[in-house]
Amino acid sequence: MNLDKASEAKLREVHSGLVRLVREVHERWPKAYPKETGVRVTCGFRGQTEQNDAVKRGASKTPWPRSKHNRKPAMAVDLLPIPFVQKDWKDIPRFERLGRFVVDVGKEIGVAVRWGGDWDRDGDTKDEKFRDLPHFELVG
Ligand SMILES: [Zn+2]
């Protein structure tokens, strides 16, 4: 199955390594977890207005232009597992599964990423002050 059109449009402004990782995850995630059908990209590049709105909403702690979403091409993506409905925001174990999955696939294909559920990359998702569960960014 292909990524949806909105995801493809967002990927046009994203770093090629991350794009490769998103495609790989979209394909492998449903094979590992048969109830899943893939992933959707909800954010790639964020301009100044969008970034400051995200901070106001509490969705980001990083004011423009310091977020990895603010580079061009973007060094960060926000991903949701699909199918996804509003109540799925509460399904933290599912985000944790996907978070670990993305990091592992990244290691395998040589694209090192940090997940917003484990900023310090110590494998412990409970020691973070602020968790941004859909967020993945290139390291370095
Ligand atoms: Zn993000």
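None of the figures in this text is laboratory data; all of them are computed from the coordinates on show. Quantities reported herein were computed from a predicted structural model and do not represent experimental measurements. All Cβ positions, even for glycine, are placed from backbone atoms using ideal geometry, and neighbour counts span all protein chains on display.
A few notes on this one:
- Overall form of the range 94-140 per C-alpha gyration tensor (a/c, 1.5; a/b vs b/c): prolate
- From helices alone, the chain scores -12000 deg cm²/dmol at 222 nm; the rule is -39500 (n - 2.57) for each run of n ≥ 4 DSSP H residues, then divide by the residue total.
- Averaging Cα coordinates gives a centre for the range 75-136 and one for the range 1-35; these two points are 14 Å apart.
- Debye log10 I(q)/I(0) at q = 0.16, 0.18 Å⁻¹ for the range 1-125, Cα point scatterers: -0.81, -1.05
- Taking trypsin sites (Lys or Arg not before Pro) in DSSP loop states with no more than 16 other Cβ atoms inside 10 Å as exposed sites, the chain has its longest site-free stretch at 67-120.
- DSSP bridge pairs, the range 1-137: antiparallel proportion in percent, nearest 5: 90 percent
- Flagged links, alpha-carbon separation over 28 Å, of 68/107; 31/61; 10/31; 31/72; 31/87: 31/61; 31/72
- Label-to-label distance for residue 28 and residue 112 is 1.8 nm, based on points extended 7 Å past Cα in the beta-carbon direction.
- Applying the criteria of a DSSP loop state and at most 16 other Cβ atoms within 10 Å to the chymotrypsin sites (Phe, Trp or Tyr not before Pro) of the range 48-140 yields 130.
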